[in-house]
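Engineer: The structure under discussion is supplied below as structure tokens; questions concerning it will follow.
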Amino acid sequence: MGDKVRVRFAPSPTGYLHLGSARTALFNWLYARHTGGKFLLRIEDTDRVRSDRKFLEEILADLKWMGLDWDEEPVYQSERFDVYRKEAENMLQAGKAYKEGDAVIFRVENGRVLELDDLIHGRISFSTDEIKDQVMIKSDGSPAYNFCCVVDDAGMGITHIIRGDDHISNTPKQMLFYEALGQPPPEFGHMPLMMGTDGAKLSKRHGGVSVEEYRDQGFLPEAMANYLMLLGWSPGDGREMISLEEAVGIFDIKDMRGVQSKFDAQKLEWMNGEYIMAAGIEELVPLIEDRLVSAGMDMSGVTGEYLAKLVTLYKIRIKKLSEFAGLTDCFFRDDFKVDEKGKRKYLDREENKAGVRAFADRLEGLGDFSRENIEKICRDIAGEMDLKAAQIIHPTRMAISGKTGGAGLFEMMEVLGKERVIGRMKKAAGRGGDT
Ligand code: GLU
């Protein structure tokens, strides 16, 4: 095979890139890159009504986003209608097809058995008794899928077709077209369809069906590619974290046999969290910045350094980039969202408020507002007032962030800065005696 491998991904631009299609693209890409072959794109836009430029652009952007680059210029079926008509004409001349009105129909000979050695399923036999005569050109002049697919795959020199099981029933029809065109068929590998963990067809309720939806929620492309890879292949040794680059090195179609393909959004989230945790701050800051802006945070005066500190504190606490803004609103606005239940729990009691007030008062005199210094004062105050440190920490966190959780309190305080912290503590704890 070597440098002769040519595979293709053939999306129909009638909708967003489905996760199942993204997985198909990924495996074709892996196979091409592993063998040093070519990964081609063919845009199956024969349906002029349903095909939309917007979907095409989105599909191409999603592929690039996942790190799947392609070779050569994409082939557009909408530009090749004359080629299909000519091939159909040849078949008519050769007596292999007949006309029915303006449609051209391929004659299927009954009583034959077609054998397919599928790369993933092994041998599959088909009887031509089950296959009706096949439309090649519809009466409106547009080509039928099985026919133009074969004309193009043959014309593009495709050597291997890796696609979903939903195409198995098309394969014997396509084999007949190869035969009629006098071309050897390529190798076929059909992957089990991607299902939800409940075994049902993937739908919105499983967490989303398109790459775009996941991208919007703040999944990283590396996590997406890594997770999709595991739904049809396994790097072995029970290993799960693997980059595209590493996979290219060890990918083998043989290992695609018998691998489960249940899509588990929770597992993908877990994996995304791992990738976020491992990502560099410089890589995350611009992504997070975009999300904060979209969430309506006031970013005036926010420096890269400030964002970098926040990203460092919070990246270990999120599974999706979309969670960041909600957790960190107190770093961008004074009217941050307040967890009312937590507020009642931690800031209703006078002794808690007194602790927060004493802490705030002592902080006023602090010169170097570092987490270590802040913590020392907190512990001192707790000792002096005979309180547990937690009795000061939780109410203070509520006062400065409106939340019961988050990063470590003293780190949050250091990043927020002295003035904002003290102001919020005093506001939340009152002046004392007047509650
Ligand atoms: N446009 C077809 C699809 O999206 C391509 C099928 C194929 O790979 O032959 O399902």
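Throughout, read-outs are computed from the coordinates displayed, never taken from laboratory work. Note that the structure is a prediction, hence the values are computed from the model and not measured. Because the Cβ atoms are built from the backbone with ideal geometry, glycine has one as well, and the counts that use them run over all protein chains shown.
Engineer: What percent antiparallel are the DSSP beta bridges of the chain, to the nearest 5? Present the calculation step by step, with values, prior to reporting the outcome.
Structural biologist: Values: 16 of 29 bridges.
Restricted to the chain, the bridges split so that about 55 percent are antiparallel.
Engineer: For region 140-214 and region 350-395, write down the distance between their C-alpha centroids in whole Å.
Structural biologist: Cα centroid of region 140-214 versus Cα centroid of region 350-395: 65 Å apart.
Engineer: Name the trypsin sites (Lys or Arg not before Pro) in region 348-435 that are in a loop by DSSP and that have at most 12 other C-beta atoms within 10 Å, would you? Don't jump to the answer; show the numbers that get you there.
Structural biologist: Working: sites: Arg349, Lys353, Arg357, Arg362, Arg371, Lys376, Arg379, Lys388, Arg397, Lys403, Lys418, Arg420, Arg424, Lys426, Lys427, Arg431; in loops: Arg349, Lys388, Lys403, Arg431.
In loop regions of region 348-435 (DSSP not H, G, I, E or B), the sparsely surrounded trypsin sites (Lys or Arg not before Pro) are Lys388, Arg431.
Engineer: Highest mean first, what order results for 312-318, 175-181 on Cβ atoms within 10 Å?
Structural biologist: Values: 312-318: 17.1, 175-181: 19.4.
By packing density, highest mean first, the sequence is 175-181, 312-318.
Engineer: Once both axes come from the Cα atoms, what is the angle between helix 304-314 and the longest principal axis of the chain, in degrees from 0 to 90, rounded to 10?
Structural biologist: Roughly 80 degrees between the two axes.
Engineer: Filter the GluC sites (Glu not before Pro) in region 197-294 to those in DSSP coil with at most 16 other Cβ atoms within 10 Å of their Cβ, and list the result. Don't jump to the answer; show the numbers that get you there.
Structural biologist: Details: sites: Glu212, Glu213, Glu222, Glu240, Glu245, Glu246, Glu269, Glu274, Glu282, Glu283, Glu289; in loops: Glu240.
Qualifying residues, ordered by number: Glu240.
Engineer: Tell me, what is the percent relative contact order of the chain, built from C-alpha pairs under 8 Å that lie six or more residues apart?
Structural biologist: Working: 641 pairs, mean separation 52.4, N = 435.
12 percent.
Engineer: Moving on. Once both labels are modelled 7 Å past Cα along the beta-carbon direction, what's the Thr404-Arg112 spacing in nm?
Structural biologist: About 7.1 nm separates the two model spin labels.
Engineer: May I ask you to compute the full-extension gain from Ile124 to Asp237, defined as 0.36 nm times their residue separation minus their alpha-carbon distance, rounded to one decimal in nm?
Structural biologist: Working: separation 113, 0.36 × 113 = 40.68 nm, distance 2.99 nm.
Result: 37.7 nm gained on full extension.
Engineer: Before anything else, pin down the relative contact order of region 318-400: Cα pairs under 8 Å, at least 6 apart, normalised by residue count, whole percent.
Structural biologist: Working: 46 pairs, mean separation 27.3, N = 83.
Normalised by residue count, the contact order of region 318-400 is 33 percent.
Engineer: Another question about this same structure. Trypsin sites (Lys or Arg not before Pro) within region 1-81: which are DSSP loop residues with at most 15 other Cβ atoms inside 10 Å? Walk me through the numbers on the way to the answer.
Structural biologist: Working: sites: Lys4, Arg6, Arg8, Arg23, Arg33, Lys38, Arg42, Arg48, Arg50, Arg53, Lys54, Lys64, Arg80; in loops: Arg48, Arg50, Arg80.
Within region 1-81, the qualifying trypsin sites (Lys or Arg not before Pro) (loop, at most 15 other Cβ atoms within 10 Å) are Arg48, Arg50.
Engineer: Counting only other residues whose beta carbon sits under 13 Å from that of Ile316, what net charge do I get with K and R as +1, D and E as -1?
Structural biologist: Values: positive: Lys315, Arg317, Lys319; negative: Glu274, Glu323, Glu411.
Net charge around Ile316: 0.
Engineer: From the square roots a ≥ b ≥ c of the eigenvalues of the alpha-carbon gyration tensor of region 13-136, which class results: rounded (a/c under 1.5), prolate (a/b over b/c), or oblate?
Structural biologist: Numbers: a/c = 2.28, a/b = 1.41, b/c = 1.62.
Because a/c hits 1.5 or more and a/b fails to exceed b/c, region 13-136 counts as oblate.
Engineer: Return one number: the angle in degrees, 0 to 90 and rounded to the nearest 10, between the long axis of the Cα atoms of helix 19-35 and the longest principal axis of the Cα atoms of the chain.
Structural biologist: It is inclined by approximately 70 degrees.
Engineer: Give the long-range amide H neighbours of Met191: residues separated by 5 or more places, or on another chain, with amide H under 5 Å away, using H modelled in the peptide plane at 1.01 Å from N.
Structural biologist: The answer is Arg163, Gly164, Asp165.
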